[in-house]
1. With respect to Phe28, is the statement that it is among the aromatic types (Phe, Trp, Tyr), part of a strand (DSSP E or B) and either within 16 Å of the ligand (Cβ to nearest atom) or surrounded by fewer than 17 Cβ atoms within 10 Å (Cβ to Cβ) (or both) true?
2. What are the residues in region 76-96 that are in contact with a strand residue (DSSP E or B) (Cβ under 7 Å, 6 or more places away or on another chain) and more than 7 Å from the ligand (Cβ to nearest atom), if any?
3. Given Arg124, Arg162, Arg138, Arg175, which one is at pLDDT 60 or above, in a loop (DSSP other than H, G, I, E, B) and among the basic types (Lys, Arg)?
4. How many of the residues making up region 1-25 are surrounded by 17 or more Cβ atoms within 10 Å (Cβ to Cβ) and touching a residue at least 40 places away in the same chain (Cβ under 8 Å)?
5. Among residues belonging to region 107-126 that are within 11 Å of the ligand (Cβ to nearest atom) and of a type in the set (A, V, I, L, M, F, W, C), point out the one that is farthest from Gly93 (Cα to Cα).
6. With Tyr129, Tyr134 as the choices, which residue is at negative phi, within 8 Å of the ligand (Cβ to nearest atom) and surrounded by 19 or more Cβ atoms within 10 Å (Cβ to Cβ)?
7. When residues of region 11-27 are filtered for being under 16 Å from Gly95 (Cβ atoms) and over 17 Å from the mean Cα position of the chain (by Cα), how many remain?
8. Among the residues of region 97-106, what is the count of those that are more than 10 Å from the chain's Cα centre (by Cα), within 16 Å of the ligand (Cβ to nearest atom) and not aliphatic (A, V, I, L, M)?
Amino acid sequence: MITDTFEATFSAIIRPAHEGDLVALEWFGQFTHDRAIIEHTYLQQQRDEALILVAEVQGFPSGQVWLDLTRKRDTSIGIIWAFRVIDCLQGLGIGARLIAAAEAVFVARGFATSELEVDVENTRARNLYSRLGYTPARVQSGPYLALCKSLIAADVGPEGSRPPSDSGAPCATPRYAPTFA
Ligand SMILES: CC(C)(COP(=O)(O)OP(=O)(O)OC[C@H]1O[C@@H](n2cnc3c(N)ncnc32)[C@H](O)[C@@H]1OP(=O)(O)O)[C@@H](O)C(=O)NCCC(=O)NCCS
């Protein structure tokens with residue numbers, strides 16, 4: 001029996017995680033097994049080697065995306081990982097905003113490319129990445145597909161897609177030396 005239906009709006013803030021988020025980032029036990037890696041990545045954030053961005057909704061970090069700022073720094077590639085939105089708030093645009101915020105951080109820090117990996121069977125995430133302009137970074141091997149997106153404005157064609165590359169690894173090599181913010 002339905003007793004009421006109504007619509008509600010919410011506002012979200014995307015910001016770096018702070019120490020008070022660490023337990024909440026476990027999402028009520030869903031990621032408690034990752035406590036050590038959450039703490040480790042937060043320590044890396046304090047050393048400016050990583051960044052955890054959260055989408056705070058009603059005071060709770062309901063979405064998160066982690067940025068690796070060091071692993072591929074020498075090839076000007078920023079890495080996105082641990083990207084997730086809490087189940088009941090998926091499909092509302094939070095994920096796309098988190099990726100946009102991640103890319104903005106990479107651009108501000110002089111990265112030429114954003115890169116991530118996705119399970120080949122994760123159709124929903126793959127669709128989202130495709131819509132946001134990510135294309136295969138290299139030939140797939142194993143269950144994960146590496147995707148990348150050039151963050152250099154000149155690489156983006158009129159419809160938001162990159163022009164064809166003859167390198168076979170379109171995002172792997174920046175066309176010119178990056179500038180650092
Ligand atoms: C992948 C994930 C992070 C995306 O987050 P999200 O907040 O649901 O993403 P968005 O809402 O921005 O976009 C997702 C879809 O919702 C749709 N959408 C966007 N705004 C919407 C709205 N206002 N109403 C309804 N649907 C909407 C988008 O069109 C998109 O559809 P698509 O998948 O066909 O492209 C989320 O689904 C998730 O946490 N999945 C589990 C973990 C995971 O797979 N992570 C990725 C690992 S690589």
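1. Working: among the aromatic types (Phe, Trp, Tyr): yes; part of a strand (DSSP E or B): no; either within 16 Å of the ligand (Cβ to nearest atom) or surrounded by fewer than 17 Cβ atoms within 10 Å (Cβ to Cβ) (or both): yes.
For Phe28, the condition - among the aromatic types (Phe, Trp, Tyr), part of a strand (DSSP E or B) and either within 16 Å of the ligand (Cβ to nearest atom) or surrounded by fewer than 17 Cβ atoms within 10 Å (Cβ to Cβ) (or both) - is not met.
2. Pass one, region 76-96, residues in contact with a strand residue (DSSP E or B) (Cβ under 7 Å, 6 or more places away or on another chain): 76-86, 89, 94-95.
Answer for region 76-96, where residues must be in contact with a strand residue (DSSP E or B) (Cβ under 7 Å, 6 or more places away or on another chain) and more than 7 Å from the ligand (Cβ to nearest atom): Ser76, Ile77, Gly78, Ile79, Ile80, Trp81, Ala82, Ile86.
3. On the way: Arg124 fails: in a loop (DSSP other than H, G, I, E, B); Arg162 fails: at pLDDT 60 or above; Arg175 fails: at pLDDT 60 or above.
Being at pLDDT 60 or above, in a loop (DSSP other than H, G, I, E, B) and among the basic types (Lys, Arg) holds for just one of Arg124, Arg162, Arg138, Arg175, which is Arg138.
4. Total meeting the criteria: 4.
5. We begin by selecting, within region 107-126, every residue within 11 Å of the ligand (Cβ to nearest atom); these are 116-126.
Still in the running and of a type in the set (A, V, I, L, M, F, W, C): 116, 118, 120, 125.
Working: Leu116: 19, Val118: 19, Val120: 22, Ala125: 12 Å.
The residue in question is Val120.
6. On the way: Tyr134 fails: within 8 Å of the ligand (Cβ to nearest atom).
That would be Tyr129, the only listed residue that is at negative phi, within 8 Å of the ligand (Cβ to nearest atom) and surrounded by 19 or more Cβ atoms within 10 Å (Cβ to Cβ).
7. Matching residues across region 11-27 total 1.
8. Going through region 97-106, the residues more than 10 Å from the chain's Cα centre (by Cα) turn out to be 104-106.
Adding the requirement that they be within 16 Å of the ligand (Cβ to nearest atom) leaves 104.
Imposing the further condition that a residue be not aliphatic (A, V, I, L, M) reduces the set to none.
Counting residues in region 97-106 that are more than 10 Å from the chain's Cα centre (by Cα), within 16 Å of the ligand (Cβ to nearest atom) and not aliphatic (A, V, I, L, M) gives 0.
The values are calculated or read from the model by the stated rules, or taken from the named source; none is laboratory data. Predicted model, so just to flag it, every value in this text is computed and none were measured. Methodologically, a virtual Cβ is constructed for each residue, glycine included, from the backbone with ideal geometry; neighbour enumeration extends over all protein chains shown.
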